[in-house]
Amino acid sequence: MAWNPGQIGDLSGRTAIVTGANSGIGRHEAAQLAEHGARVVLAVRDLYAGRAAAEKMDGDVRVAHLDLASLASVRAFADGIEHPVDLLVNNAGLMEPPHYRETIDGHELQFGTNHLGHFALTALLFPRLVQAAAPRVTTVSSLAHFRGNDAVVQGNPPQTYVPGTAYGQSKLANLLFAHELQRRADRADIALASTAAHPGVASTGLVSDPEGWGRNPVVRHVLPIAMRVVLPGGAGGARPVLYAATDAAPGSYSGPKGPGEVRGPVGEAKQSRFARDEGLAARLWSVSEELTGIPFDVARA
């Protein structure tokens, strides 16, 4: 039988944080985790949208402000978490702004938001994660990671900016980070499971985001309608992530197993040779510490 969210066990007494949980697959992830008993924190940039989403969820759901494009915001959010964290889902993402843009801290927007923001968040929450009995960190990558290469450590410089390539590099960074986190936890003998997943191709608000493809009004209004006809919605896209967050083996990468991994039952996902490059992952880790100014020594957590 194909895995489905109904197979998630009782999560009572556990705390889960889901970034970007006010819409898209993040909203479905958060709702399912809450439905199965977890206390869920919706970590969102738009508090109004976050509260509106929380009102439609059953269970213990809370909303907190988090702007991954601001390291100050990431620090403030982490400082506000005063209890053990059992599950962190690094879900939020920005896709393909047509022109080069930067975060508040001066990093390319996609690399800074999708990767550096989550790297910093995981590092700052790590002391809370290791306080939990069986902590898990799940990071959402993408089929687009195949567009990435070893230039990922350059952080998408402005002189070479191409929207799709930059997005792919940020998603490769997500996957490299997830694998390196597992390796470092294993070496430090910390019982933490770091997993990754991709949603396939789902019809969500990401394609109409005004900071990405949605800057084009035709794309913003027409493409989501067309996608809904042939592709799964947020619930379908959330399934591999929920599997990775609750049942998948440490160090695994999950996704849909249908043709092209666009949709289908959940299983092991394919990954590029760059995603499996341990040396590249270690280099990216060091670069990420330097760019964020946040040391992330797993062994000293």
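Which pairs turn up if I take residues in the stretch 150-170 that are of a type in the set (D, E, K, R) and look for partners that are not in a helix (DSSP H, G or I) with beta carbon separation below 9 Å, at least 6 apart in sequence or on another chain?
150/274; 150/277
Pick from 281, 244, 235, 248: which is crowded, with 19+ Cβ neighbours inside 10 Å and in contact with a His (Cβ under 8 Å, 6 or more places away or on another chain)?
On the way: 244 fails: in contact with a His (Cβ under 8 Å, 6 or more places away or on another chain); 235 fails: crowded, with 19+ Cβ neighbours inside 10 Å; 248 fails: in contact with a His (Cβ under 8 Å, 6 or more places away or on another chain).
Matching residue, one of 281, 244, 235, 248: 281.
Looking at the stretch 243-301 only, could you name the residues that are of a type in the set (Lys, Arg), closer than 18 Å to residue 194 by Cα and either modelled with pLDDT under 95 or part of a helix (DSSP H, G or I) (or both)? Please lay out each step first, then the result.
Residues of the stretch 243-301 that are of a type in the set (Lys, Arg), as a first pass: 257, 263, 270, 273, 276, 283, 300.
Add one more test, that the residue is closer than 18 Å to residue 194 by Cα, and what stays is 270, 276, 300.
300 - this is the single residue of the stretch 243-301 that is of a type in the set (Lys, Arg), closer than 18 Å to residue 194 by Cα and either modelled with pLDDT under 95 or part of a helix (DSSP H, G or I) (or both).
Residues checked against (1) under 26 Å from residue 29 (Cα atoms); (2) charged (D, E, K, R):
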position: 96; (1), (2): yes, yes
position: 110; (1), (2): yes, no
position: 116; (1), (2): yes, no
position: 122; (1), (2): yes, no
position: 145; (1), (2): yes, no
position: 148; (1), (2): no, no
position: 168; (1), (2): yes, no
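Considering only residues that are buried (at least 21 other Cβ atoms within 10 Å of the Cβ) and among the small types (Gly, Ala, Ser), look in the stretch 83-127 and name the one that is farthest from residue 33 (Cα to Cα).
Here the residue is 112.
Every residue, every condition in (1) more than 19 Å from residue 146 (Cβ to Cβ); (2) among the hydrophobic types (A, V, I, L, M, F, W, C); (3) loosely packed, with under 15 Cβ neighbours inside 10 Å; (4) at pLDDT 65 or above, yes or no:
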residue	(1), (2), (3), (4)
173	no, yes, no, yes
177	no, yes, no, yes
182	yes, no, no, yes
218	yes, yes, yes, no
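Given (1) β-branched (Val, Ile, Thr); (2) touching a helix residue (DSSP H, G or I) at 6+ places or on another chain (Cβ under 7 Å); (3) assigned to a loop (DSSP other than H, G, I, E, B), identify the lone condition not met by residue 89.
Result: residue 89 fails condition (3) only.
Scanning the stretch 66-75 for residues that are in contact with a Ser or Thr (Cβ under 9 Å, 6 or more places away or on another chain) and in a helix (DSSP H, G or I), which turns out farthest from residue 111 (Cα to Cα)?
74
The values are calculated or read from the model by the stated rules, or taken from the named source; none is laboratory data. Keep in mind the model is a prediction, meaning the values are calculated, not measured. Using ideal geometry, Cβ is built from the backbone for each residue, glycine included, and neighbour counts are taken over all protein chains shown.
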